[in-house]
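Right, one structure below, let's go through it.
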Amino acid sequence: MLIPIPVGQKYTATMSATVPKLVKCEQCSTDYVYHLKRKAVGEGTSLLFLNNKGAKGSAQAEARKRLLKVLARSCEPVPCPACGHVQEHMIPRARQLRCRWVGKAALYLFPSGCLLGLAAAGVLTLTMSNAGREGWTASYVIWMIIGAMAGLTAAAGVIASLVLPVWRYFSCRRYDPNTEKVEVRKARGQSLAVTKTEFDRRQVGQASSQGSTVAQPTQNGSDRQLDTCVPPSRHASSDRPRPISQRGSSAGDGRAVGGSHRRP
Ligand SMILES: [Zn+2]
C-alpha cells in the first residue's frame, strides 16, 4: 500500500504593496502621480524539516524580490488629470483590462451549453420515441417545443463561448483608450491621480503631522518606496507552511523532494 511520507516543509509567502508612480504626460507635460498596487508570491523549501526558519525567510525574500520587480514593470491605464491623455506605455495594460468578463463568460458558457445540449437531446429523443408509439398529444408537442428551445439556447451558448474570445482579441487589438471622450478620461484621471505638485503638498502635510520624511515617487517604484510608503511587513498576507510528501513504500525509497505535495 502506498502512503505519503513527509520529506520537508514548503513555505509560501504572499506580499503586496502600493507605491506611488510618477508619470510625465506625453501631451501636456504635466507630472502626475497615481498609486499602483501589486501582489507577489514566494516559496521556500525546508528539506527534512531541517531549515524551517530559513525556508520561511527565503519565501519572504523571494516574494519581496518578485514584488519589487512587478512594481517596477507594471502600470495602470491612468489618464493625465490635466488633459485626459492615456500614455503610450499604458495602452497595452488598457487593452489587457478591456472586456475581461469575456474569458470568464466563455468558461461558463461552454460547459453550461454542453450540459444543456445533452439535456435537450435527451428530452427530444424521449419525446419523439414516446410520441411515435402513442401518437402526438398536446403534452408531447409542448415537450418538443421545450426541448427545441433548450437545444437552440445550448447551441447559442456554445457558439458564443467560441466566438466571444475571438471577438475580444480583435476588438482589444484595435482599442485605443484615447478615443474615449476627453471629459470622461479627465474625470477618471482626476479620480485616480493627482498632479505632482498636489502629491508633494499632501506628502509634506502628512510627513509634518507624523514627524517623518517625505517619500518621493518614481516611474519605476523603488525598494525605498516599498520601505517608506508601504512597509511590506504590514502587507505580508500569508506565510503558509505546507508539508512536502513523497509517495513510496512505508520504508521510503530515498528520493528527495519532487513527490506529490499536499496541504496539512
Ligand atoms: Zn496631460
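Observations
- Only a single item in (1) within 26 Å of Ala156 (Cβ to Cβ); (2) polar (S, T, N, Q); (3) under 16 Å from the mean Cα position of the chain (by Cα) is not met by Ser16, and it is number (1).
- Hits in the stretch 52-67 - residues which are buried (at least 17 other Cβ atoms within 10 Å of the Cβ) and either within 16 Å of the ligand (Cβ to nearest atom) or not charged (D, E, K, R) (or both): Ala55, Ser58, Ala59, Gln60, Ala63, Leu67
- Residues that are assigned to a loop (DSSP other than H, G, I, E, B) and among the hydrophobic types (A, V, I, L, M, F, W, C), drawn from the stretch 61-78: Cys75, Val78
- Within the stretch 28-51, the set of residues being surrounded by fewer than 15 Cβ atoms within 10 Å (Cβ to Cβ) and either within 16 Å of the ligand (Cβ to nearest atom) or in a helix (DSSP H, G or I) (or both) comprises Cys28, Ser29.
- Considering residues of the stretch 90-121 that are more than 18 Å from Ala156 (Cβ to Cβ) and without any contact (Cβ under 8 Å) to a residue 24 or more places away in the chain only, the residue surrounded by the most Cβ atoms within 10 Å (Cβ to Cβ): Arg93
- Every residue from the stretch 1-27 that is assigned to a strand (DSSP E or B) and modelled with pLDDT under 90: Ile3, Pro4, Ile5, Pro6, Val7, Gly8, Gln9, Lys10, Tyr11, Thr12, Ala13
- Qualifying residue in the stretch 79-86 (condition: in the same structural domain as Lys196 (by TED's automatic domain parsing) and either free of Cβ contacts under 8 Å to residues at least 60 places away in the same chain or within 17 Å of the chain's Cα centre (by Cα) (or both)): no
- Criterion (within 16 Å of the ligand (Cβ to nearest atom) and either of a type outside the set (Asp, Glu) or surrounded by 15 or more Cβ atoms within 10 Å (Cβ to Cβ) (or both)) met by exactly one of Val19, Val7, Val70, Val23: Val23
- Any chance Val86 is in contact with an Asp or Glu (Cβ under 9 Å, 6 or more places away or on another chain) and either not in a helix (DSSP H, G or I) or not acidic (Asp, Glu) (or both): yes
- In summary, Gly117 fulfils each of the numbered conditions (1) more than 16 Å from the ligand (Cβ to nearest atom); (2) within 30 Å of Glu198 (Cβ to Cβ) with the single exception of condition (2).
- Filtered residue count, the stretch 127-152, keeping only those that are in contact with a Phe, Trp or Tyr (Cβ under 8 Å, 6 or more places away or on another chain) and hydrophobic (A, V, I, L, M, F, W, C): 1
The values are calculated or read from the model by the stated rules, or taken from the named source; none is laboratory data. Bear in mind that the values here come from a model prediction, so they are computed numbers and not experimental data. Cβ atoms come from the backbone with ideal geometry, glycine included; neighbour counts cover every protein chain shown.
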